[in-house]
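J.: Quick one: structure below, then a few questions.
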Amino acid sequence: MPVYIQSAAQISVQNPLCDDWLIDPIALHLPLQRAIEADYKRFLDPIASRRMGRILKRAIATAVTVVENSGIEQPDAILVGTGLGCIENTEKFLLAMLQDGETLLSPTYFINSTHNTISSHIAIHLACHAYNSTYVHLGISFESALLDAFMQFQLGRIRSALVGAHDEMVPLYFSLLEKAGFWEGKTAAETAVSFMLSDEKKENSMAEIKEVVLLHRPSEERLMQAIEQTASRLGIPKEKWIIPPSVKPIFGESFTNQAFELYAAAVKLQRGLLDDYVLLVNNYKGTETSLLFLSKC
């Protein structure tokens, strides 16, 4: 069963909820660049918004945007990938517990700190009672959520899905990772990307997802074999699959920045800026590898 990207939206270090980055990207200068916030008054009640962390506001804003742009108000599934979850609320809860001696703690930070809070908040906001799941697998968290959606489509269980990737980076956690040598000169950033997928090709469909493949510790030979076998099964020669330049210099890096790669590829395919067949490869620290096969609609 074909799977099409009907709409996509991002909040990042670039201007939010638009594609300005394609023509006039904002340059990244700092080792940690936090996302540029959108105007959330259009998406959230001010009172409710005050109790939410930034990651939840971003998730709802991008989700509502793709719902509006796609016309699919009630997706058959909501799937989210996150490497760190709501770490800012986790930090606030732990610091309050430390400073107040485990007394007079507000439950709000704890309630909003669990990883599945993101997908749950989206579902509650959309009044969606369909399949809802969160994947937390560090560097392939987003691809894990996308694979679940793709499999649900192939099994005929769903006809639409809202798939997202959401991560935030707070200064304290950034400094700890930096001391451990995790960033190694990279620009740390935050992720908020939502996609609306469906099995119906429409006039404004952005791209088709042909296949999603996850591999554990593949050798170079096994990786090339997986690419060749998948290309053969799809009936498209391996030579036609183009690996585009990475968008990390534009959006920075996080545990789920592969969602930006998919987002950018879909935008460029829709505008005719990439060849017909695109292969996105993510090799996370030599342990987990994902392959995303896309084509022009």
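The values are calculated or read from the model by the stated rules, or taken from the named source; none is laboratory data. Owing to the predicted nature of the structure, the values given are computational and were not obtained by experimental measurement. All Cβ positions, even for glycine, are placed from backbone atoms using ideal geometry, and neighbour counts span all protein chains on display.
J.: Is it true that some residue in the stretch 264-272 is out of contact with any strand residue (DSSP E or B) (no Cβ under 8 Å at 6 or more places or on another chain) and at pLDDT below 95?
T.: No, the stretch 264-272 has no match at all.
J.: I would also like to ask the following. Just to be sure I understand the filter: pairs with C-beta atoms under 7 Å, separated by 6 or more residues or on different chains, first member in the stretch 59-74 and more than 16 Å from GLU37 (Cβ to Cβ) and assigned by TED's automatic domain parsing to the domain that holds SER120, second member of a type in the set (Phe, Trp, Tyr) and crowded, with 20+ Cβ neighbours inside 10 Å. Which pairs pass?
T.: Sorted first by the residue in the stretch 59-74, then by its partner, the pairs are VAL66/PHE195.
J.: For the subset of the stretch 9-51 comprising residues that are outside any helix (DSSP H, G or I) and β-branched (Val, Ile, Thr), which member is farthest from the chain's Cα centre (by Cα)?
T.: Across the stretch 9-51, the extreme among qualifying residues is ILE23.
J.: So, one more: Which condition does THR287 not pass, out of (1) touching a residue at least 24 places away in the same chain (Cβ under 8 Å); (2) closer than 24 Å to ILE26 by Cβ; (3) of a type in the set (Val, Ile, Thr), if it passes all the others?
T.: (2)
J.: Restricting the search to the stretch 136-169, which residues are among the hydroxyl-bearing types (Ser, Thr, Tyr) and either within 17 Å of LYS201 (Cα to Cα) or without any contact (Cβ under 8 Å) to a residue 12 or more places away in the chain (or both)?
T.: Selection gives SER160 alone.
J.: Which of the residues belonging to the stretch 182-228 are surrounded by fewer than 18 Cβ atoms within 10 Å (Cβ to Cβ) and among the aromatic types (Phe, Trp, Tyr)?
T.: Correct list: PHE182, TRP183.
J.: Next question, about the same structure. Which of (1) at pLDDT 95 or above; (2) among the aliphatic types (A, V, I, L, M); (3) in contact with a helix residue (DSSP H, G or I) (Cβ under 8 Å, 6 or more places away or on another chain) does LEU84 not meet, given it meets every other one?
T.: Unmet for LEU84, out of (1) at pLDDT 95 or above; (2) among the aliphatic types (A, V, I, L, M); (3) in contact with a helix residue (DSSP H, G or I) (Cβ under 8 Å, 6 or more places away or on another chain): (1).
J.: Looking at the stretch 44-51, can you tell me whether even one residue there is more than 30 Å from GLU211 (Cβ to Cβ), buried (at least 17 other Cβ atoms within 10 Å of the Cβ) and in the same structural domain as ALA161 (by TED's automatic domain parsing)?
T.: Yes: the stretch 44-51 contains one or more residues that are more than 30 Å from GLU211 (Cβ to Cβ), buried (at least 17 other Cβ atoms within 10 Å of the Cβ) and in the same structural domain as ALA161 (by TED's automatic domain parsing).
J.: For the stretch 52-96, enumerate the residues that are assigned to a helix (DSSP H, G or I), closer than 24 Å to SER205 by Cβ and of a type outside the set (Val, Ile, Thr).
T.: Hits for the stretch 52-96 are ALA59, ALA61, ALA63, GLU68, ASN69, SER70.
J.: Report, by residue number, each residue of the stretch 280-297 that is over 10 Å from ILE209 (Cα atoms) and either in the same structural domain as HIS137 (by TED's automatic domain parsing) or in contact with a helix residue (DSSP H, G or I) (Cβ under 9 Å, 6 or more places away or on another chain) (or both).
T.: Listed by number, the residues that qualify are LEU280, VAL281, ASN282, ASN283, TYR284, LYS285, THR287, GLU288, THR289, SER290, LEU291.
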